[in-house]
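The values are calculated or read from the model by the stated rules, or taken from the named source; none is laboratory data. The structure displayed is predicted, hence computed values, not measured ones. Note that we place each Cβ from the backbone using ideal geometry, even for glycine, and neighbour counts take in every protein chain shown. Each accessible area value is taken on the protein alone, full model and side chains, heavy atoms only, with ligands, DNA and RNA left out. Shrake-Rupley method; radii C 1.70, N 1.55, O 1.52, S 1.80 Å.
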Amino acid sequence: MSRGRVRKALSGFYYVDVDGREITCRARGKFRQEGKSPLVGDWVEVLEDERGQGTVWEIEPRRNAFQRPAAANVDQLVVVSSAALPVTDPFLIDRVAAIAALKGCAVAVCVNKCDLERGEDLADIYRAAGFPVVCTSAETGEGIEDFKALLAGKLSALTGNSGVGKSSLLNAAEPGFSLRAAAISERLGRGKHTTRHVELFRLTNGGEVIDTPGFASFDAREMDLELKERLPEAFVEFRQYLGRCRFADCSHTREKGCAVLEAVRAGKIPQSRHKSYLRLYQELKDLRAWNVRS
């Protein structure tokens, strides 16, 4: 039995790195019976056969797991955004960041295409909220060293609008990757998906990165009920104010004596972040468990 890490999952096959060797594996039948499957980023035990192929025999306990994108043991989620075409809606960043917070996964924000639009307003929102932020241009190379430093020594997953330049950033950071970059539709301002599956790449600086499909695939419906129940704490800059409101059941939407609202008015919490909280609150407030199961 050998220990390795799942680096790619495609069409029922799992490609596992075992001491620098890639072993093509199928999953053990019991996983299907248990309703689970190996994920990219999983540490697994592999039973290798005489042909050099193998079976994923055991999946080690995970520190976290995302179903869409299908990845596990992620140290940080890097949300790639842009103030140029396609323009990123901060609400999309905030929803992803809230889900990541509930999974114990750190979040960083990369504002790409700064050669076209600086995106300082977008960057300032997340700096003020306490997230690590880098501003980059995959086209000119600006900020690429900062981007590489952000990834060093961690397993990072990249997500963001299709077309914001996730694959281009990885190509700029590690030219040997030669990942296919997305084309942009001028009419719709949207990128055409180029990443069709989840795959883990190793960087020369010791980091590892998972390139994933765009925000559309980050539809963690299975998280919605938990997100509803724990929404205030999912906004990390709210946490220091929770428990300090006048009312114990404060929703942090419009109550008098709300410590969160006072922090927003004082500029300690960015207004954009609170607007995203209100939008999520409205989306989730009537959710019931049967809605999620249906």
Quick one: in the stretch 90-123, which of the residues that are of a type outside the set (A, V, I, L, M, F, W, C) and either under 30 Å from Arg62 (Cβ atoms) or touching a residue at least 60 places away in the same chain (Cβ under 8 Å) (or both) is surrounded by the fewest Cβ atoms within 10 Å (Cβ to Cβ)? Gly104
Residues in the stretch 86-100 that are more than 10 Å from the chain's Cα centre (by Cα), aliphatic (A, V, I, L, M) and more than 15 Å from Glu283 (Cβ to Cβ) total 1
Would you say Glu226 is out of contact with any helix residue (DSSP H, G or I) (no Cβ under 9 Å at 6 or more places or on another chain), at pLDDT below 90 and open to solvent by 30 Å² or more (accessible area, probe 1.4 Å)? no
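Considering only the stretch 20-107, give the strands (runs of 3 or more DSSP E) lying wholly within it that have at least 1 residues that are farther than 30 Å from Phe235 by Cα and not β-branched (Val, Ile, Thr).
Filter on the stretch 20-107 gives 21-27, 43-48, 54-59.
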Only listed residue being hydrophobic (A, V, I, L, M, F, W, C), within 22 Å of Glu199 (Cα to Cα), open to solvent by 10 Å² or more (accessible area, probe 1.4 Å) and at pLDDT below 95, chosen from Ala70, Ala149: Ala70
Could you tell me which of the residues Phe131, Phe147 is farther than 19 Å from Arg68 by Cα, among the aromatic types (Phe, Trp, Tyr) and part of a loop (DSSP other than H, G, I, E, B)? Phe131
Being within 16 Å of the chain's Cα centre (by Cα) and either modelled with pLDDT under 95 or within 29 Å of Leu280 (Cα to Cα) (or both): is that true of Ala83 here? no
Name, by its number, the condition in (1) modelled with pLDDT of 95 or more; (2) surrounded by 13 or more Cβ atoms within 10 Å (Cβ to Cβ); (3) not polar (S, T, N, Q) that does not hold for Leu284. (1)
Sole exception among (1) part of a strand (DSSP E or B); (2) modelled with pLDDT under 95 for Gly4, by number: (2)
Of Glu22, Glu48, Glu60, the only residue that is of a type outside the set (Gly, Ala, Ser) and farther than 26 Å from Leu203 by Cα is Glu48
